[in-house]
Structure formats: C-alpha cells, structure tokens
Amino acid sequence: MLENKKTILSSKTKTVEICRDNPTVLIGERINPTGRKVVLAALQEGNFEMVRQDAIKQVEAGATVLDVNAGVPGADEVALLSQVMQEVMSVVDAPLCIDTANPQALEAALKLYEGKALINSVNGEEKSLETVLPLAKEYGGAVIGLCMDDDGIPATPELRLKAAEKIIERAAAKGIPVEDIIIDPLAMTMSADHTAGLTTLKTIELIVAEFGVNITMGASNISFGLPDRKYVNAAYMAMAIHAGMTCPITNPLVVEIRTAALAADLALGRDEYGMGWIKDFRKRGKNK
Ligand code: THG
C-alpha cells in the first residue's frame with residue numbers, strides 16, 4: 001500500500017506532524033475576518049484582543065495549528081497580516097497556516113515567521129503556481145494546493161484529481177517534495193448542491209489512493225446556509241476523516257465537531273488506549 005505522507009510544520013518551539021497514521025490535526029479557523037463578522041469589526045477598529053483570545057481558546061480546545069487570515073476590505077493586508085500573526089505568536093506557540101491570496105502579504109508573513117509555516121494556498125492556475133511555489137521553496141513552507149485550475153473548480157472527482165496532480169508535479173519541478181503539499185479537495189455547501197459533500201469525499205479517496213498526501217479543507221463550508229450547522233459539520237467531519245482527510249480547517253470550540261474528530265480517530269485505530277478521547281472528556285469537565 002502507498003505510504004501515508006508525513007508533513008512537518010513548526011513554530012519557533014513546537015513541531016506538528018500531520019499523517020494518516022496519527023490523530024487528526026485540527027487547524028483552527030476562527031482568526032478570519034472574511035469568515036467572521038466580529039473579527040472583521042474588531043480588526044477595523046484596530047483591536048487585536050479578540051484575535052489573541054481566539055488564538056488562546058482554539059489551542060486550549062485542541063487546535064494544534066492556527067489558520068490566520070487578515071482579509072479586511074480596504075485595509076493594507078501586507079501590514080495587517082503580519083501584525084495579526086505577531087499578535088497570535090505573542091500568546092501561543094502553535095505553527096501557523098497563513099491564509100492569503102495576496103503574494104506580497106504572503107512574502108512579508110513568511111519573512112517574519114520563524115519555523116515552517118503552512119501556506120494557504122496555491123492552486124492550479126498558472127499565475128498562482130508561478131508566484132506561490134517559488135515563495136514556498138525560498139522560505140521552506142508546506143503548501144495547501146486547491147483542486148482548481150485556469151478553468152475554475154472541476155465538477156467531478158476525477159478532474160479534481162487532475163488538478164491536484166498538476167500542483168504536485170509543478171511543485172516537484174521546483175524542488176518542493178510531495179510531503180510538503182497538502183491537498184484541499186474543495187468543500188462547497190450542500191445547501192446549493194446536495195451532491196457537493198459526496199463529490200468532496202470521492203475526491204479525497206482518489207487523491208489519497210494516488211498520492212498518499214495529507215488532505216485539508218474548510219470543513220465548515222459544507223453547511224453554509226443550512227440550519228443547525230454543527231450537527232452536519234460533525235457527521236461530515238467523521239466521514240471525511242474516514243475518507244482520508246488529516247488536517248481540517250475547522251472550529252475546535254464546537255464540542256460536536258471536536259468530539260466527532262476524536263471519535264473518528266478512535267474508530268480508525270489512531271488513538272492509542274483512547275487517551276485522546278479520555279483527555280478531552282476530562283477537559284469537558286463531565287463525570288460520565
Ligand atoms: N480551504 C482553505 N482555506 C480556507 C477555506 C477552505 N480558509 C477560509 C475558509 N475556507 C475556512 N475558514 C472558515 C472560517 C469561518 C467559517 C467557515 C470557514 C464559518 N463562519 C461562521 C459562518 O460563516 O456562519 C461564522 C460567521 C460569523 O461569526 O460571522 O463558518 O475551504 N484551504
């Protein structure tokens with residue numbers, strides 16, 4: 001069988017190893033003004049306290065990597081992303097996932113980062129490949145590759161596999177090893193297309209069988225527009241982990257989502273003696 005690739009991320013003092021043989025790595029999604037209006041409002045006021053608190057709370061809840069996005073309309077993202085990262089690094093030592101589509105902001109962020117970051121993201125479009133991959137090589141980061149190309153987001157799992165293959169090949173040609181590429185099959189909301197969840201699960205299976213790479217995705221995306229999102233997110237979390245997802249970008253503060261990931265790890269034989277499950281149970285402060 002194809003070996004499960006190992007992606008190493010680090011901060012100044014912490015190393016995180018992502019691999020299908022290990023428990024799922026939760027990448028905390030909450031430091032994101034694009035995805036969260038309260039964060040947007042705080043950053044527009046120059047208030048970084050919410051960002052610091054979100055960093056601390058997510059790590060306490062079990063996130064071992066934090067996604068950092070600073071996309072505030074009208075703001076200078078080059079300066080803001082660096083500042084948000086500094087604030088996060090002042091309170092936690094988790095490795096960071098740098099979430100930006102702006103190459104200048106990405107380069108400034110990589111310059112200040114100490115360790116091996118996760119770059120979020122590159123995609124199969126020529127322009128993206130030619131700007132992001134050289135930065136990943138120069139600064140030594142791992143990269144999330146989105147399954148899309150110059151023709152947009154492919155409709156079928158087979159075509160998304162092709163987009164992943166293109167990114168992996170182009171990265172290899174630039175000297176970036178396959179274990180430093182984490183593929184995002186793209187999770188779209190099931191409220192617009194009831195087959196979107198299934199397409200993503202099949203894409204994960206195809207990519208894992210072909211390349212053995214690690215898989216991430218915005219795991220909360222699938223429930224946009226639906227009521228009672230946390231139950232949908234939790235069920236889908238467990239299914240996607242079974243399909244091969246290893247490092248979802250998600251909200252670890254939601255107990256239903258976090259416990260779904262922990263239970264999936266236990267069911268898949270990745271939680272020795274159930275210690276991960278027990279540890280979280282104790283943290284929840286219940287007695288049964
Ligand atoms: N793939 C990759 N990176 C990504 C995404 C992806 N980064 C951004 C996003 N998608 C993942 N991050 C989030 C952040 C928040 C939410 C979903 C995904 C979210 N927010 C609530 C909502 O919209 O209802 C909160 C809203 C609020 O409080 O204002 O669900 O797919 N590589």
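The values are calculated or read from the model by the stated rules, or taken from the named source; none is laboratory data. Since the model is a prediction, treat every value here as computed from it, not as a measurement. Note that each Cβ is placed from the backbone with ideal geometry, even for glycine, and that neighbours are counted across all protein chains shown.
Would you check which residues across the stretch 244-255 are over 18 Å from Arg36 (Cβ atoms) and within 14 Å of the ligand (Cβ to nearest atom) and list them?
Residues satisfying the conditions are Met245, Thr246, Cys247.
Please find, among Ser82, Ser121, the residue that is out of contact with any Asp or Glu (no Cβ under 6 Å at 6 or more places or on another chain), within 23 Å of Gly152 (Cα to Cα) and either hydroxyl-bearing (Ser, Thr, Tyr) or touching a residue at least 40 places away in the same chain (Cβ under 8 Å) (or both).
None of the others qualify; the one that does is Ser121.
Residues Pro73, Pro33: which one is surrounded by fewer than 19 Cβ atoms within 10 Å (Cβ to Cβ), in contact with a helix residue (DSSP H, G or I) (Cβ under 9 Å, 6 or more places away or on another chain) and in a loop (DSSP other than H, G, I, E, B)?
Pro73
Among the candidates Ile278, Ile257, which residue alone is surrounded by 17 or more Cβ atoms within 10 Å (Cβ to Cβ), out of contact with any Pro (no Cβ under 6 Å at 6 or more places or on another chain), at pLDDT 95 or above and in a helix (DSSP H, G or I)?
Ile257
Among the numbered criteria (1) in a loop (DSSP other than H, G, I, E, B); (2) of a type outside the set (Phe, Trp, Tyr); (3) crowded, with 17+ Cβ neighbours inside 10 Å, which single criterion is violated by Leu206?
The single condition Leu206 does not satisfy is (1).
For the structure I just gave you, tell me whether Lys111 is more than 26 Å from Val59 (Cβ to Cβ) and assigned to a helix (DSSP H, G or I).
Against the criterion (more than 26 Å from Val59 (Cβ to Cβ) and assigned to a helix (DSSP H, G or I)), Lys111 does not qualify.
Just one of Leu80, Leu66, Leu106, Leu146 is part of a strand (DSSP E or B) and either of a type in the set (Val, Ile, Thr) or farther than 30 Å from Thr195 by Cβ (or both); which is it?
From the options Leu80, Leu66, Leu106, Leu146, the qualifying one is Leu66.
Taking the options Asp184, Asp228, Asp280, name whichever one is closer than 20 Å to Asp99 by Cβ and of a type in the set (Asp, Glu).
Checking each option against the conditions leaves just Asp184.
Out of curiosity, is Val88 within 14 Å of the ligand (Cβ to nearest atom), outside any loop (DSSP other than H, G, I, E, B), among the hydrophobic types (A, V, I, L, M, F, W, C) and buried (at least 20 other Cβ atoms within 10 Å of the Cβ)?
Considered against the rule, which asks whether it is within 14 Å of the ligand (Cβ to nearest atom), outside any loop (DSSP other than H, G, I, E, B), among the hydrophobic types (A, V, I, L, M, F, W, C) and buried (at least 20 other Cβ atoms within 10 Å of the Cβ), Val88 comes out as no.
Which number in (1) in contact with a strand residue (DSSP E or B) (Cβ under 9 Å, 6 or more places away or on another chain); (2) within 13 Å of the ligand (Cβ to nearest atom); (3) of a type outside the set (D, E, K, R) marks the one condition that Ala196 misses?
Unmet condition: (1).
Counting just the residues of the stretch 8-30 that are within 17 Å of the chain's Cα centre (by Cα) and basic (Lys, Arg), which one comes out surrounded by the most Cβ atoms within 10 Å (Cβ to Cβ)?
The extreme case among them is Arg30.
Residue by residue through the stretch 62-73, note down the ones that are within 15 Å of the ligand (Cβ to nearest atom) and either more than 23 Å from Ala105 (Cα to Cα) or under 19 Å from the mean Cα position of the chain (by Cα) (or both).
Listed by number, the residues that qualify are Ala63, Val65, Leu66, Asp67, Val68, Asn69, Ala70, Gly71.
Which number in (1) under 27 Å from Lys5 (Cα atoms); (2) of a type in the set (A, V, I, L, M, F, W, C); (3) in a helix (DSSP H, G or I) marks the one condition that Ile119 misses?
Result: Ile119 passes all but (3).
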